[in-house]
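Report on the following structure.
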Amino acid sequence: MKNADIRQWGEFCVLYSSPNTKVKRLKIDPNKSISMQYHNERAEIWFVESGSGNLYTMTDSGEKLIRPLERNQTYHVEIGQWHRVECTSEDPLYVIEIQYGTRCEEDDIVRNV
């Protein structure tokens, strides 16, 4: 991806940014996942462009599968909701992520370590 920010799980690029909205394209490599995380000041809408994966949340008893993700599906991540997505396909999982809220910055990520 052009102007990509490289991560251990793949990469992302910002397609659009304003004070209360940001749109990213995530590329999650096969057998990789983003960290279990939530956000205090933003919600997200995910649109699966291609590939497939699993979406998880965190409960008192540990990680729980919310649902499989397939091409052309959407999912809404609420403010404060634990979430993690993993790529389960042989090809990368591409997700269009629309962030919205009072602050759409990387330092609003709270990770489960």
Residue 41 - would you say it is closer than 20 Å to residue 109 by Cα and not small (Gly, Ala, Ser)? yes
Residue check, residue 72 against (1) over 12 Å from the mean Cα position of the chain (by Cα); (2) assigned to a strand (DSSP E or B); (3) not charged (D, E, K, R), all met but one. Which one? (2)
If residue 78 passes every condition in (1) closer than 16 Å to residue 39 by Cβ; (2) in contact (Cβ under 8 Å) with a residue 24 or more places away in the chain; (3) acidic (Asp, Glu); (4) open to solvent by less than 80 Å² (accessible area, probe 1.4 Å) but one, which one does it miss? (4)
Scope the range 1-12; condition open to solvent by 20 Å² or more (accessible area, probe 1.4 Å) and outside any loop (DSSP other than H, G, I, E, B); matching residues: 5, 6, 7, 11
Could you check residue 64 against (1) in a strand (DSSP E or B); (2) open to solvent by less than 60 Å² (accessible area, probe 1.4 Å) and say which number it fails? (2)
Does the range 13-53 hold any residues that are part of a strand (DSSP E or B), in contact (Cβ under 8 Å) with a residue 60 or more places away in the chain and open to solvent by less than 20 Å² (accessible area, probe 1.4 Å), and which are they? 24, 26, 28, 37, 39, 42
Report whether or not residue 102 is open to solvent by 30 Å² or more (accessible area, probe 1.4 Å), out of contact with any Pro (no Cβ under 7 Å at 6 or more places or on another chain) and not charged (D, E, K, R). yes
Only listed residue being closer than 19 Å to residue 1 by Cβ, open to solvent by 40 Å² or more (accessible area, probe 1.4 Å) and not in a strand (DSSP E or B), chosen from 107, 91: 91
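The values are calculated or read from the model by the stated rules, or taken from the named source; none is laboratory data. Computed from a prediction, not measured in an experiment: that's the story for all the values here. As a convention, Cβ positions derive from the backbone with ideal geometry for all residues, glycine included, and neighbour counts pool all protein chains shown. We work out accessible area using only protein heavy atoms, side chains counted, and drop any ligands, DNA or RNA first. Shrake-Rupley method; radii C 1.70, N 1.55, O 1.52, S 1.80 Å.
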